[in-house]
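Values quoted throughout were computed directly from the atomic coordinates according to the rules given, and no laboratory measurement underlies them. Predicted model only: the values in this text are computed from it and were never measured. Using ideal geometry, Cβ is built from the backbone for each residue, glycine included, and neighbour counts are taken over all protein chains shown.
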Amino acid sequence: MAKKKDIAEVVSHQTNGDNINIGISEKDRLAIAECLSKLLADTYSLFLMTHNFHWNVTGPQFNSLHMMFETQYTELFTAVDEVAERIRALGAFAPASFKKFSGLASFAIPDETQTASEMIAHLVKGQETVVRTARAVFPIAEAANDQPTIDLITRRMELHEKNAWMLRALLA
């Protein structure tokens, strides 16, 4: 779990913070950006883990898993950009280093080689973690009347819930 000081450092570096007048107070914008920074770190971590598993999957389900993982990491790559750009639109800098991501992320990427079933189980947990992280943004964005963030996190939750369901079905 990231330290409060680290999170504050990530979101405190604003560009023209005093000149942003989008109907959301600076305090609320920074609180939302802080939560979105955690979502960005979790999404990027899930992207890396999924891409790793795409490269390294073996076994009888190789072809179907290789293709499924590619579809998922490609979508995650796009999501990373969307979340980072929302952070920037709110006036904060998006975290963009492995060090910052590892400090903010809610889960670790396994280092050791995994079986196909272990990969799927890790991805289920990763997808579910991203859903929980996105869900935590919702009340803060809703209280600030921040519809663009609400829309973004709603789409993220829907996609990750569906991916988790499909991955769980493979383990049944």
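Side notes on the structure shown:
- By the beta-carbon count within 10 Å of each Cβ, the least crowded to most crowded order of 57, 130, fewest first, is 57, 130.
- If R0 is 41 Å, the Cβ-Cβ spacing of residue 117 and residue 96 corresponds to a FRET efficiency of close to 0.80.
- Between the range 46-112 and the range 155-171, the alpha-carbon center distance in angstrom: 15
- Each Lys and Arg adds +1 at its Cβ and each Asp and Glu adds -1 at its Cβ; summed about the Cα centre, the chain shows a dipole of about 300 debye.
- The packing ranking of peptides 37-49, 110-122, 150-162, 84-96, highest mean first, is 37-49, 84-96, 150-162, 110-122, where packing means the average number of other beta carbon atoms within 10 angstrom of each residue.
- Cβ crowding within 10 Å averaged over residues, with 123-129, 165-171 ranked highest first: 123-129, 165-171
- Taking θ as phi - 60° and the Karplus parameters 6.51, -1.76 and 1.60, the scalar couplings of the range 161-172 work out to 5, 5, 4, 4, 4, 5, 5, 4, 4, 5, 8, 5 Hz in sequence order, x denoting glycine and proline.
- Taking 7 Å steps out from each Cα toward its Cβ at residue 169 and residue 66 produces label points 2.3 nm apart.
- Note that the range 110-119 has calculated 3J(HN,Hα) couplings of x, 8, 7, 5, 10, 6, 4, 5, 5, 4 Hz, one per residue in order, obtained from phi through the Karplus relation 6.51 cos²θ - 1.76 cosθ + 1.60 (θ = phi - 60°); glycine and proline are x.
- For the chain, relative contact order (Cα pairs under 8 Å, six or more residues apart, normalised by length) works out to 31 percent.
- Working from the Cα coordinates of the range 62-129, the gyration tensor eigenvalues give, after taking √(5λ), semi-axes of 27, 16, 9 Å in decreasing order.
- Translational diffusion coefficient (Stokes-Einstein; Kirkwood radius from C-alpha pairs) of the range 4-171 at 20 °C, 1.002 mPa s, in µm²/s: 131
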